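The values are calculated or read from the model by the stated rules, or taken from the named source; none is laboratory data. Bear in mind the structure is a predicted one, so any value in this text is a computation, not a measurement. Here the Cβ positions follow ideal geometry from the backbone for every residue, glycine too, while neighbour counts run over all protein chains shown.
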Amino acid sequence: MSRFKNEIAHLQAHIKTLRLGAGALVAVALLMGGGWWSAPRDLTIHVPPDLRSGSTRKWWEVPPESVYAFTFYVFQQLNRWSLNGEEDYPRNLYALSAYLTPSCQAFLKADYDHRRSTGELRQRVRGIYEIPGRGYGDDPTARVRVVSDRDWVVTLDISADEYYGAEHVKRALVRYPLKVTRVDVDPARNPFGLALNCYEGTPQRISAPEPARPAPAQSGLVPSPGDTP
């Protein structure tokens with residue numbers, strides 16, 4: 001009889017062990033489910049444009065070339081007045097608000113009010129472009145200065161053209177030092193995770209780059225033995 005009691009006690013202990021193991025598995029599954037649920041659904045990966053030599057990057061790092069491309073794109077769109085600066089400038093400020101810090105939005109709004117009051121926007125058409133030979137690929141270290149993991153200063157050499165009707169009224173070559181900061185707050189409206197923080201200093205007028213001189217023409221003739229020194 002005692003043998004049966006021992007067998008029953010052994011089975012009960014085994015069942016208890018199985019129950020503890022099943023409970024541990026449920027707890028692990030819940031922890032893994034919670035980790036999976038809290039994991040980000042989307043990640044922004046900044047890939048360098050030239051992949052001939054390959055690239056290894058941490059997903060949260062933003063390379064300087066991506067910062068430069070973002071800055072030029074947003075700044076160019078901000079300064080594009082296709083029909084009338086009095087209407088296009090505030091429309092651009094609203095459309096690009098997700099790519100501007102609050103302090104930069106306030107600064108540009110004040111700039112708009114000043115330009116409108118002085119008549120600099122009425123019926124003005126404006127566009128900017130990068131000066132050839134002054135882009136990121138020509139001198140990367142001079143174009144993007146890394147301040148921290150979240151802050152950069154980008155230098156843009158820009159040519160700005162303005163028209164009043166069909167008349168070309170302005171062409172200026174200007175160097176803009178622009179502050180850029182990382183803001184991962186609204187991926188739906190700002191997938192770049194970057195924002196302009198306006199100017200790091202006063203924009204400066206610059207001169208046009210010197211045109212490249214052509215290399216001297218080669219005759220292609222082979223000198224005779226008497227011509228050599």
task = Can you confirm whether region 26-44 contains a residue that is among the basic types (Lys, Arg), at pLDDT 75 or above and more than 30 Å from residue 142 (Cα to Cα)?
result = no
remark   = If you go through 162, 167, the only one that is in contact (Cβ under 8 Å) with a residue 12 or more places away in the chain and acidic (Asp, Glu) is 162
note = Apart from one, (1) over 30 Å from residue 150 (Cβ atoms); (2) of a type in the set (Asp, Glu); (3) surrounded by 13 or more Cβ atoms within 10 Å (Cβ to Cβ) all hold for residue 111; the odd one out is (1)
ask   = Which members of region 60-74 meet the condition of being out of contact with any His (no Cβ under 7 Å at 6 or more places or on another chain), assigned to a loop (DSSP other than H, G, I, E, B) and crowded, with 17+ Cβ neighbours inside 10 Å?
value = none
key: Matching residues, region 166-223, being of a type in the set (S, T, N, Q) and either closer than 17 Å to residue 62 by Cα or modelled with pLDDT of 90 or more (or both)   = 181, 190, 197, 202, 204
task = Pairs only if they're at least six apart or on different chains, beta carbon under 7 angstrom, first in region 141-155 and in the same structural domain as residue 184 (by TED's automatic domain parsing) and surrounded by 19 or more Cβ atoms within 10 Å (Cβ to Cβ), second assigned to a helix (DSSP H, G or I) and β-branched (Val, Ile, Thr); list them, first residue then second.
result = 144/67; 152/67; 154/67; 154/71
